[in-house]
Amino acid sequence: MGIIVTKFGGTSVADAIQAKKTQEIIEADADRKFIVVSAPGKRFDADNKITDLLLLLFTHLEQNAPYEQIFQVVKDRFIDIERALGIDAGITAAFDVIEKKLKEGATKDYLASRGEYLSGRIFAALLGIDFIDAAGIVLFNEKGRFLSEETNAALAAELEKHERGVIPGFYGSLPNGEIKTFSRGGSDITGAIVARAISADVYENWTDVSGFLVADPRIVKNPKAIDQISYKELRELSYMGASVLHENAIYPARLAGIPINIRNTNAPTERGTFIVAGEKETEGRIITGIAGSKDFTVIAIYKNMMSSETGFIRRVLSIMEDYGIPIEHIPSGVDTVSIVIADKYLDDKLGDIIEDIERKTQADTVEVFEKMALIATVGSRMAARKGVSAKLFTALYEADVNVRMIDQGSSEMNIIIGVENNDFETAIRAIYDAFANE
Ligand code: ADP
Ligand code: ASP
Ligand code: MG
C-alpha cells in the first residue's frame, strides 16, 4: 500500500457529471487517500470559471455596484452540483456564512478562495471522508509570502490525524488568520505541497488533456503527449507559458523526489505524462516540448566598444531595478545587448526607461521592438545532437517567420527565439512539424 495524492482541476469538478468521473477515479485505487480540488471550472467553452465569477463579485463589491445576481449564479452552480449528486454538503448554510462575511467587507482573497472551499466540502461529502481546511495549515507570512517549510510541518502534523481527506486547493492563511490565495492556477501548488508533506509515492494531477503535450493543443492540432519529462524541462516549459501545471508546483515535488503524473479525467485509462528527476538519455525525440507567450518588449542597445567597457550591463540592469521591472532574457553580442521584458511589468514606463538608458549608458542607439512573442524549444537531448538549430531555423525560414532574437541557455537545454506576436502560432506549428515526428 502506498499513498497517492490526487489533484483535480476545474474541469474535473465543473459539474455533477464530472464529479462522478472524479469519484470513480478516486475509488478505483485505495491508495488515493488525499484529494486536492479546484473550484468548478468551465463546463463548455463560453462558460465561466467559478473563480472568475467570485473575482467579478469582488469588483462589484468594491465599486458598490449590485452584486446579488453574480452571487446567485455562483450559489446556484454549487446547489445544482450538490443536488444532482444527492448529497448534503451543507452548501446553503455555507453560503449564508459567505453572504454575512460579504456584507461585513470580505477581502478579495477570501472571496476568490470560496470556490475551492465549497468544492472541497462537496467532495468530502461525496466520498464520505474528512474535509481538511487549508486555512491554518497552508501558511503565508504577513507580507503574503508562502512559507514553504512552516507549511510542510503544519500540513504533515495535520494530515497524520486523518486516514483520508479532501483539501481545498489554491489558498491558505496569513498569520492573522485571514485567507490568502496563491496566484491563478495555484491548486497545483497545494497538490504538490500536500504530496510532499505526506511523502506520497506519486502526485497525480488530473486535468482535461491526456498529459503534458509537446505543444499547446489550442495551437497545434492533436499534439503528441510527452511520455516522460524531467522536472527541469518541465519548469522551463511551464515558465515559458505551458499552462498545464503551475510553475511553482514543481519545486515541492522535486524537493521530495515525488513523481508527478498528469492525467485526463475524461480518459482515465491513458497513462498520461510522468514528470521525474532523471533525464532520459539519448533515446526518443530530440525535443521534449515547445512553449511560449506573447506580449514582450525587446530593448536593443548598441554601443561601439561596449564589450571593453566595464560595468555597462550593470548600469543597464540597475535602471531596470530602479523601475522594479524583472528581466526575462539578456541576449548579447559583441557590442550589443538586448533586454527582454514582459509587457505586463512595463505599464507606461517605456519612454522613461529608454531616456534613462540613453542618458546613463551613453549608448549609440537604443532600438525598441514591441509586440514580441517568446518561444522556447526545450529538450535535454538537444545538446548531444548536431544540427538542431539548423533544423529549427530552416523550419522557421520556410514558414516565413522572421526571427528577431535568439537566446540559447548555457545548459543547452533550450533555444529561445523572439518573433512578432503575429507570427507566434505559425512559428510554434513550424517547430512542432519539424521535430514531432523524429
Ligand atoms: P486544470 O483546470 O485542470 O488545472 P488547466 O486549464 O490549468 O487545467 O491546464 C490544462 C490546459 O492547459 C489544457 O486544457 C490545455 O488547453 C492547456 N495547455 C497549454 N499548453 C499545454 C501543453 N503543452 N500540454 C497540455 N496542455 C496544455
Ligand atoms: N480556481 C483557481 C483558478 O482558477 C485555482 C486553480 O484552479 O488552480 O485559478
Ligand atoms: Mg490549472
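Taking all Cα pairs closer than 8 Å and separated by 6 or more residues, the relative contact order of the stretch 393-438 comes to 38 percent. Against the chain, whose longest principal axis comes from its Cα atoms, helix 350-361 is set at around 40 degrees. Across the chain, the mean sequence separation of Cα contacts (distance under 8 Å, 6 or more residues apart), normalised by length, yields a relative contact order of 13 percent. On the beta carbon distance between Thr426 and Arg184, with R0 = 25 Å, the FRET formula returns roughly 0.35. Across every direction, the projection of the convex hull enclosing the Cα atoms of the chain has a mean area of 23.3 nm². Given a Förster distance of 60 Å, report the FRET efficiency between Glu270 and Val368 from their Cβ-Cβ distance, rounded to the nearest 0.05. Efficiency for this residue pair is about 0.85.
With a simple spin-label model that places each label point 7 Å from the Cα along the Cα-to-Cβ direction, the separation between Lys21 and Ile79 comes to 2.7 nm. For the peptides 359-369, 33-43, 169-179, the ranking by mean Cβ contacts within 10 Å, running from highest to lowest, is 33-43, 169-179, 359-369. Derived from the Cα gyration tensor, the three semi-axes of the equivalent ellipsoid of the stretch 98-211 are 22, 17, 15 Å, largest first.
The mean sequence separation of alpha-carbon pairs under 8 Å and at least six residues apart, normalised by the residue count of the stretch 194-338, gives a relative contact order of 27 percent.
The angle between the Cα long axis of helix 312-322 and the longest principal axis of the Cα atoms of the chain comes to about 30 degrees, rounded to the nearest 10. Straight-line reach from Lys103: taking Cα to Cα under 15 Å and skipping same-chain neighbours fewer than 8 places apart, the aspartates and glutamates in range are Glu62, Glu68.
The GNM of the chain, with springs linking C-alpha atoms under 10 angstrom apart, assigns the highest mean-square fluctuation among Glu398, Glu99, Glu204 to Glu398. With neighbours defined as other Cβ atoms within 10 Å of a residue's Cβ, the residues Met305, Met382 order from fewest to most as Met305, Met382. Measure nothing fancy, just the Cα-based angle from helix 424-435's long axis to the longest principal axis of the chain, in degrees from 0 to 90, nearest 10. The two axes meet at around 90 degrees. Taking other residues whose beta carbon is less than 11 angstrom from the beta carbon of Ala134, and scoring Lys, Arg as +1 and Asp, Glu as -1, yields -2. When the pairs Lys108/Lys344; Lys100/Lys143; Lys224/Lys391; Lys49/Lys180 are compared against a 25 Å limit on Cα-Cα distance, Lys100/Lys143 fall above it. The alpha-carbon of Lys360 sits under 20 angstrom from the alpha-carbons of these lysines, leaving out residues fewer than 8 places away in its chain: Lys303, Lys349. Other residues with beta-carbon under 10 Å from the beta-carbon of Arg404 carry, at +1 per Lys or Arg and -1 per Asp or Glu, a net charge of -2. Backbone N atoms of the stretch 215-254 closer than 12 Å to the 7 Å Cα→Cβ label point of Asn437 are not found in any residue. Within the shell defined by Cβ-Cβ distances under 11 Å, the residues around Ala16 carry a net charge of +2, with Lys and Arg each +1 and Asp and Glu each -1. Mean residue ellipticity at 222 nm, helices only, the chain: -11500 deg cm²/dmol; runs of at least 4 DSSP H residues each add -39,500 (n - 2.57), and the sum is divided by the number of residues. Label zone (Lys42, point 7 Å along Cα-to-C-beta; backbone nitrogen cut-off 17 Å) within the stretch 221-243: 221-222, 242-243. Counting beta carbons within 10 Å around each of Thr297, Thr426, Thr377, Thr288 and listing the fewest first gives the order Thr426, Thr297, Thr288, Thr377. In this rough spin-label picture, where each label sits 7 Å from Cα along the Cβ direction, the Glu309-Leu350 distance is 2.4 nm. Counted by neighbouring Cβ atoms within 10 Å, the residues Ile137, Ile219 run from fewest to most as Ile219, Ile137.
Bear in mind that the values in this text are calculations on the coordinates, not laboratory data. On a predicted model such as this, the values are computed, not experimentally measured, just so you know. Virtual Cβ from ideal backbone geometry, glycine too; neighbours counted across all protein chains shown.
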